[in-house]
1. So, in region 92-104, of the ones that are part of a helix (DSSP H, G or I) and surrounded by 15 or more Cβ atoms within 10 Å (Cβ to Cβ), which residue ends up farthest from the chain's Cα centre (by Cα)?
2. Taking residue 25 and the conditions (1) under 26 Å from residue 131 (Cβ atoms); (2) surrounded by 14 or more Cβ atoms within 10 Å (Cβ to Cβ), which numbered condition does it fall short on, given that it satisfies the others?
3. Which number in (1) surrounded by 12 or more Cβ atoms within 10 Å (Cβ to Cβ); (2) closer than 26 Å to residue 21 by Cβ; (3) charged (D, E, K, R) marks the one condition that residue 53 misses?
4. Quick check on my filter: what residues within region 77-127 are over 21 Å from residue 137 (Cβ atoms) and β-branched (Val, Ile, Thr)?
5. Got a sec? Which of 25, 45 is touching a helix residue (DSSP H, G or I) at 6+ places or on another chain (Cβ under 8 Å) and closer than 29 Å to residue 138 by Cβ?
Amino acid sequence: MLSDPWDDKFKATMGSLVKQLGPKLQADPDLAADLTKALRLRNHLAHAFWRERAEDFCSNEGRARMIDFLIEARQLFQDVDERLTSTIGAAAITEWGVTPEVVEAWYQDKLQKIERGELHLPLEDVESARQSLLNRIESSPPD
């Protein structure tokens with residue numbers, strides 16, 4: 001049976017993943033700072049945002065402020081994700097040994113699990129992940 005190469009990464013905390021990226025981010029201290037900012041914001045959203053905004057949730061104006069905050073948070077997360085992908089993402093994928101064949105094997109494994117009812121994901125999400133990985137491999141610099 002194929003093992004999912006991302007299982008360990010999904011089980012790790014975001015903080016430990018950020019630390020692992022540290023050496024790769026030395027050339028771009030702004031990205032490192034923004035990644036740390038994104039980590040803090042993620043932790044705030046997961047652990048405090050909803051509790052702190054409970055009263056805001058009870059009014060239209062409060063909900064509008066919450067939505068504005070969440071839109072800004074999403075923009076930060078998307079910006080950091082795009083910058084990470086363009087600076088280290090493609091090279092890291094190649095470094096980890098992820099080839100088109102590995103992606104295809106992962107994809108086929110997920111399809112079989114979906115068909116057997118063992119995995120409850122929309123097929124389009126799996127297809128999108130497959131295409132994204134293949135695009136990253138294709139855009140990575142040759143060895």
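1. So in region 92-104, the residues part of a helix (DSSP H, G or I) come out as 92-95, 100-104.
Retained after the next criterion (residues that are surrounded by 15 or more Cβ atoms within 10 Å (Cβ to Cβ)): 92-94, 102-103.
Values: 92: 14, 93: 14, 94: 17, 102: 19, 103: 17 Å.
Step by step, filter region 92-104, then rank; the result is 102.
2. (1)
3. (2)
4. 80, 114, listed by residue number.
5. Working: 45 fails: closer than 29 Å to residue 138 by Cβ.
When all the criteria are applied, what remains is 25.
Read-outs throughout are calculated quantities, based only on the coordinates presented, and are distinct from any laboratory measurement. Here the structure is a predicted model, which means the values were calculated and not measured. So basically every Cβ, Gly included, is an ideal-geometry build from the backbone, and we count neighbours across all protein chains shown.
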